[in-house]
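Inspection log for the structure reproduced underneath, given as C-alpha cells.
The values are calculated or read from the model by the stated rules, or taken from the named source; none is laboratory data. Predicted, not measured: the structure shown is a model, and the values here were computed from it. Heads up, the Cβs are rebuilt from the backbone with ideal geometry, glycines too, and the neighbour counts pull from every protein chain shown. Each accessible area value is taken on the protein alone, full model and side chains, heavy atoms only, with ligands, DNA and RNA left out. Shrake-Rupley method; radii C 1.70, N 1.55, O 1.52, S 1.80 Å.
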Amino acid sequence: MGYSLWLRWILSVPGEHWEQILSVPGEQWEQSAIDNYWQLISQGLRRGDMECRKLCLSILRLSLATDTAALSKELQQQYERYITIYETIVLGRYINQIQECESDLDRLAANSDLDPQWLFTLLASALDSSMQDSTRKFIGNWVMRSKLAFSPELLEIFQDSILPWATQGHLFVSSLEIVHDRLRCLHGELFAGYIQSLRRESPVQSRVVHIVVESIIQNRHSMFAYCTVYLLEGLEDSLDESHASRLLELPKLPEVAQDYVQLKIPQTTQVNVADTKFSKRDLLEHRVSHRMRLLCEQNAGIADLEGVWNDMESIEFPKGLLMLVTHLISHPSVIRSVLGHPNSAAYLQEKTHTLQQFAGTKMYVFASLVTAVRSAVVGNPSAVGVLGLEDFIVGIAEHPPEPTVDFMLEEATAHLTPHSYEHYFGNRPSLGFAAYLDLVSRLKEDQDLVQAILNRVFEPWRAQKAPVPSVSPWKNKLQLQVLLLCLEQYEVASEAEVHKILDDLFRVLAVEPLPSLRYLLEWIAVRLIMRYDLADSLIARLKTKDHHSNPKHLASLMKIGAILACTPDSGEDFAMQLATTFVPLAASSKVVVRHEAQWQVPILMDHARNQGWVSVTENTVLAALDDYIRSLERFHDPPLERLHGRFDPVNDHTLSNLTGGKWFELDQMEAPLTSHEDLKKIYSRDASPESPASCIRLGPKIERPTPQVEAASDATKPKAAIGRRTADNPTALQTKGTAYLARTLSPVIPSRPQNLIVVASLVDNPHNLGGLSRVSEIFGASALTLQNQNVISNKDFTSVSVSSHLHFPIVQLSSSGIPEYLRERKAEGFVVVGIEQTDRSVLLGSEEGVLPERCVLVVGSEREGIPATVLVECDVLVEIPQRGVTRSLNVQTAVAVVLFEYERSLGRGGELARGAWRT
C-alpha cells in the first residue's frame, strides 16, 4: 500500500521534481533523507512481490525523469537501460531473454556510472528463492565468473544470496561431467574457485572464512554432503584451530567426503587413532578380510566360501569385503571343488548372481567381479558350466551397470584428496566392460551357451514393431556388440538357419532409426554374408522397384553391397551386377536412396580400377555416372557421418573398433564403455597359451576426435547467441511479436487475399494438418483443402492449429478429386505448384523458382509424397534448398518455408512473379 501511495503522489504532479512533491513546504531534504529515499526503492525491488517490484520500477523511472538537472543524458539512458534489464531478468523470466542481458550485466559491473547499489539490487532480486531455478542459476554463475570488485555490498550478496543458492544439492548433481576421462563436478569447482578469489581479494579474509564456516555449522544437518567439501576447498588452508574444532561437530559424511574433511582439519585437532575404539562390526570385518586374503592364497573350497559369505551377510556386505569375495568366488580351487557336485555348483551360481545384483547399485563391485569371472574361464574352461554364464552375460547386456549419483559424487571428490580412484574403489568399470566383452569372445567351445546367449539377446530386437522410437529404454549398443561376437562363434546347423538369421537382421535394420545401431547391424550382416558366401542374395534384394516403402533400408543394402564388393574375396562379376543395380537407384525419386547410390558408385569404381576390372571401369554408363557424381560439390566435402560410418570388414573388424571406433560419433547417444588401454590390460592377464582363443583380434587403437572442453570457470556459462552485441552496443531484448498490429490497428481492415490456395488433401496426420492450418492462415492463404473436414475437431489438430481454422475457409476435397480440382483452378488463371523433390524440380528462391501470385500450392503425403496423377497437373515443382544432411523436412515446416518465400517474393518482386507465368 505504501509504495502504491508513493507512486500516486509522484503521478499527481506531472513533471514536478520528486523532492518538491514529497517534501514539507519550506524545508530542504537532508542527504541522509535522500539516501533513504533511494534505499527504500532498492528494498522494495529486493524484497517485494511482483506487484511491489513493478511499483518500485515506476517510482524509480519517474524519480529519475524529474531529476534531469542532476543527471546527464547519458546517465539517464543508463538508468533507463538498467530498468529494462531488471524487467527482463526479474519480471520477464524468459531464460533466452535473460541470457541476452549478459553483455549489459558485464557493462554494469565494469564501467557503469550508475550507483553500484542498483547492480546489487538486481542481483539480490534475481537470486531470491521465489525466482525460477534457471534465472537463479544464470545470475549465480555470472556472479561467480564475473570477478566483481570487492565491496561490503558484495560480501552481503555472498552471504544472503549466493550461499543459499549455490549450496543446493541439485546444482552439484546436474553439473557432473566427464572431462578428459575424469569425472568432475563443474558447479562445485566453480563455487570453490569463487570463494578462493573472494577470500584473496577481501581486505578482511577472516570475515569470508567466518561466513563459510558458520554456514557449514548452522546447516550441518541439512547441507548437501559434497557442498561441505567444495566450501572447504574454497577456503584452502585458511582454517585455524578454532574453526577446525567446530568442524569436528559435523555429522558423518560418505567415505571420500569424510576423508577430505579430515584432511582439511589442522592436524593438532585430529583425534588420535590409537585412542579410537573399534566396534564389534569393525573387528569382524577386519577378521573376515584377513581370512579371505589367506583363503585366496590357499586351496579354498566351497565350504570356506559359505562360511565367509555368512559372516559378510551378518555385517551387511561392507565395501571392502564385497570387492574381496569376487576373487574368492572364482578362485581355481573353489571352481574345482564344485565340479561334479550339482548342489555346490548351484550355490556358486546363486552367489555369483547375487554379486551381479550388487554391481547394479555398487559400481565398485562390477570390475572386480567380471575380471574375476573372466580369469576363471580363461584359466579353466570348465568354469563355464559352473558359474551360470548365460544369465551372467545376458543380464549385463540387458542392464549394463551404471553409477549412482552418490558414487559419481564420491568419484569426483576423490580427485581432491591425495588418493586415487583405485584407492577407494579398485579397478574402474571400463576395465570390467573390457573383461566382459573379451569373455564373450572366448565361448566358441560351448556352442549351446553361444546359441542361448544369441537367442536371448536378439529376441527383443526381432520382436520390435514399426515405427521404432529413436531411443528405447531397453536397448543399447552393448547388446549388438554381444550379438556380433556370438554370431562370429556360432556354427549354424543348416543353410536355412543362416538365411533365417540374415532375414531377421535385415528386418531389424529396416526399422532401426539410430545411426550407430544401424552401423553395428550392417557390420553383423556383412560378416555373416562373408562367412557363408551369401552376396548373391543381396543383389536380389537390391533389384526391388519399390523405393518408397523403406528407402533407409534400401540405402543400407547398397552400403552393405559396396562393402562386400571391396573385400579381397569378391569378384568382378559381383561388382558388375552391383554397379548395374546402382544406376537406376542413383536416379530414384527418394532422396535417401538417390544419395546413397551416388555415394557408393565412386567407391565401387575406385576399387574396380585398383583391381583392373575393365568390364566395370570401361562401361560407358557407369563411367559417365561416376564422372557426374564426382563433379558434385558435396562429393569433395562429405559430411562427418560419411567419414565416421565407413567400414572395412577385414581391417576394421577388431575389438578396439567395436568398443571405441569412430562410429560412436554417428549420434553420440552412448559413450564407449571401455578403451583400448583397458583391453590391453585384460589381454596381458591371459593365464596360458591353452586359454580359449578370442574370435576377434584386438587391433590397433582407434583415434577418435577429442571434444573441445571448457575450463571449469566457463562450464556453466551459456553459449554465445548468434549476433550477440558487445557491452558497448547492447542487444535488443525480445518481446511478443507485434507484426499483426499493423493490420489490426489500421482503420480499414482489408479482406483476405484470394490468390493463394493450399491443397493438403493428401496429408492425413491430424498433428501435421493442424500445423498446416496454422501456417496457412498466418501467411494469408485464401483457403485450405482437407480430405475430411471432421479432422478439425480432433484434439491433435486443435492442439497445433490454435484456432487458426476459424479465421479462413477450410474446404473438403477428397484425394481422388484433386486432379479435377486443379484443372478447374487452372482454368481460372491459377498456376499449380507442387512441393516435391523430382528430377524436374527447381530450387525455391532461384530465378526459375519464383512463385506466381495466383498460386495453388499442392502438398504431398507424409510417406508417398505427391502421386503421379497429381504431379501431371502441376505446372511447376519446387524443392527447398538445404545445407545439412537430414534430407527432408516435416510437411508443415516445408509449407511454412514456401509460404514465407511466397510473401517475400511478392513484397520485393511482385511484378516479376506475376509476369513470369504469363507465358
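Can you find even one residue in segment 140-150 that is closer than 19 Å to G234 by Cβ, of a type in the set (V, I, T) and open to solvent by 20 Å² or more (accessible area, probe 1.4 Å)?
No, every residue in segment 140-150 fails to be closer than 19 Å to G234 by Cβ, of a type in the set (V, I, T) and open to solvent by 20 Å² or more (accessible area, probe 1.4 Å).
Do the conditions hold for I98, that is, is it crowded, with 22+ Cβ neighbours inside 10 Å and on the phi < 0 side of the Ramachandran plot?
yes
Condition first: in a helix (DSSP H, G or I) and over 21 Å from E398 (Cα atoms). Now tell me which residues in segment 483-506 satisfy that.
E495, A496, E497, V498, H499, K500, L502, D503, F506
Is segment 452-474 home to any residue that is within 19 Å of L564 (Cβ to Cβ) and out of contact with any Ser or Thr (no Cβ under 7 Å at 6 or more places or on another chain)? Talk me through it step by step, then tell me what you get.
Going through segment 452-474, the residues within 19 Å of L564 (Cβ to Cβ) turn out to be none.
No, there is no match, as no residue in segment 452-474 is within 19 Å of L564 (Cβ to Cβ) and out of contact with any Ser or Thr (no Cβ under 7 Å at 6 or more places or on another chain).
Does L480 fit the bill of being under 17 Å from V377 (Cα atoms) and in a helix (DSSP H, G or I)?
When the stated conditions are applied, L480 does not pass them.
Just to verify a result, which residue in segment 868-903, among those that are over 36 Å from the mean Cα position of the chain (by Cα) and modelled with pLDDT under 90, is most open to solvent (accessible area, probe 1.4 Å)?
Among residues in segment 868-903 that are over 36 Å from the mean Cα position of the chain (by Cα) and modelled with pLDDT under 90, the one most open to solvent (accessible area, probe 1.4 Å) is V872.
Can you name the number of the only condition in (1) open to solvent by less than 40 Å² (accessible area, probe 1.4 Å); (2) part of a loop (DSSP other than H, G, I, E, B) that V832 fails?
(2)
Quick one: what pairs do we get from segment 407-429, first residue on the phi < 0 side of the Ramachandran plot and without any contact (Cβ under 8 Å) to a residue 24 or more places away in the chain, second assigned to a helix (DSSP H, G or I) and open to solvent by less than 60 Å² (accessible area, probe 1.4 Å), C-beta under 6 Å, 6+ apart or different chains?
Listed by first residue and then by second, the contacts come to Y421/A414.
Taking P460 and the conditions (1) surrounded by fewer than 16 Cβ atoms within 10 Å (Cβ to Cβ); (2) without any contact (Cβ under 8 Å) to a residue 40 or more places away in the chain; (3) closer than 29 Å to P254 by Cβ, which numbered condition does it fall short on, given that it satisfies the others?
(3)
Looking at L509, is it within 24 Å of R697 (Cα to Cα) and touching a residue at least 24 places away in the same chain (Cβ under 8 Å)?
So L509 does not fit the description; no.
Please state which one of I217, I178, I162 is hydrophobic (A, V, I, L, M, F, W, C) and not in a helix (DSSP H, G or I).
Numbers: I217 fails: not in a helix (DSSP H, G or I); I162 fails: not in a helix (DSSP H, G or I).
Exactly one of I217, I178, I162 is hydrophobic (A, V, I, L, M, F, W, C) and not in a helix (DSSP H, G or I), namely I178.
Kindly indicate which of V325, V261, V288 is at pLDDT 90 or above, β-branched (V, I, T) and assigned to a helix (DSSP H, G or I).
Checking each option against the conditions leaves just V325.
Filter segment 655-675 down to the residues that are closer than 19 Å to G432 by Cα, crowded, with 19+ Cβ neighbours inside 10 Å and touching a Gly at 6+ places or on another chain (Cβ under 8 Å) and list them by number.
Kept after step one, since they are closer than 19 Å to G432 by Cα, are these residues of segment 655-675: 655-661, 670-675.
So of that shortlist, the ones also crowded, with 19+ Cβ neighbours inside 10 Å come out as 655-661, 673-675.
Passing the criteria: L655, S656, N657, T674, S675.
Here is a yes/no grid of residues against (1) without any contact (Cβ under 8 Å) to a residue 40 or more places away in the chain; (2) touching a helix residue (DSSP H, G or I) at 6+ places or on another chain (Cβ under 6 Å); (3) over 19 Å from K590 (Cβ atoms):
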| site | (1), (2), (3) |
| --- | --- |
| Y821 | no, no, yes |
| E828 | yes, no, yes |
| V833 | no, no, yes |
| L844 | no, yes, yes |
| L857 | no, no, yes |
| R863 | no, no, no |
| V876 | no, no, yes |
| A894 | no, no, no |
| V898 | no, no, yes |
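Mind checking whether some residue in segment 813-821 is under 25 Å from A868 (Cα atoms) and open to solvent by 60 Å² or more (accessible area, probe 1.4 Å)?
Scanning segment 813-821, I find at least one residue that is under 25 Å from A868 (Cα atoms) and open to solvent by 60 Å² or more (accessible area, probe 1.4 Å), so the answer is yes.
Could you count how many residues in segment 564-585 are of a type outside the set (F, W, Y) and either open to solvent by less than 20 Å² (accessible area, probe 1.4 Å) or touching a Pro at 6+ places or on another chain (Cβ under 6 Å) (or both)?
Of the residues in segment 564-585, the ones of a type outside the set (F, W, Y) are 564-573, 575-581, 583-585.
Restricting the remaining residues to those that are either open to solvent by less than 20 Å² (accessible area, probe 1.4 Å) or touching a Pro at 6+ places or on another chain (Cβ under 6 Å) (or both) gives 564-565, 567, 575, 578-579, 581, 585.
Residues that pass the stated criteria total 8.
Mind listing just one residue for me: the one in segment 685-713 that is more than 26 Å from the chain's Cα centre (by Cα) and at pLDDT below 85 and, of those, most open to solvent (accessible area, probe 1.4 Å)?
Result: E690.
Would you tally the residues in segment 406-418 being more than 28 Å from the chain's Cα centre (by Cα) and either part of a helix (DSSP H, G or I) or at pLDDT below 90 (or both)?
Matching residues across segment 406-418 total 0.
Among the residues of segment 590-604, how many are charged (D, E, K, R) and part of a helix (DSSP H, G or I)? Give the steps one after another, and end with the answer.
Narrowing segment 590-604 to residues charged (D, E, K, R): 590, 594, 596.
Those still in the list that are part of a helix (DSSP H, G or I) too: 594, 596.
Number satisfying all stated conditions: 2.
Considering only segment 208-242, state which residues are among the small types (G, A, S), under 24 Å from A414 (Cβ atoms) and more than 38 Å from the chain's Cα centre (by Cα).
S238
Just name the residue that is surrounded by the fewest Cβ atoms within 10 Å (Cβ to Cβ) out of those in segment 162-203 that are farther than 30 Å from S675 by Cβ and basic (K, R).
Out of the qualifying residues, it is R200.
Could you tell me which numbered condition S470 fails, if it satisfies all but one of (1) assigned to a helix (DSSP H, G or I); (2) exposed (fewer than 13 other Cβ atoms within 10 Å of the Cβ); (3) in contact with a Leu (Cβ under 6 Å, 6 or more places away or on another chain)?
Here S470 meets the rest and fails (1).
Of all residues in segment 15-51, count the ones that are modelled with pLDDT of 85 or more and over 17 Å from F120 (Cβ atoms).
Residues flagged as modelled with pLDDT of 85 or more and over 17 Å from F120 (Cβ atoms) within segment 15-51 amount to 0.
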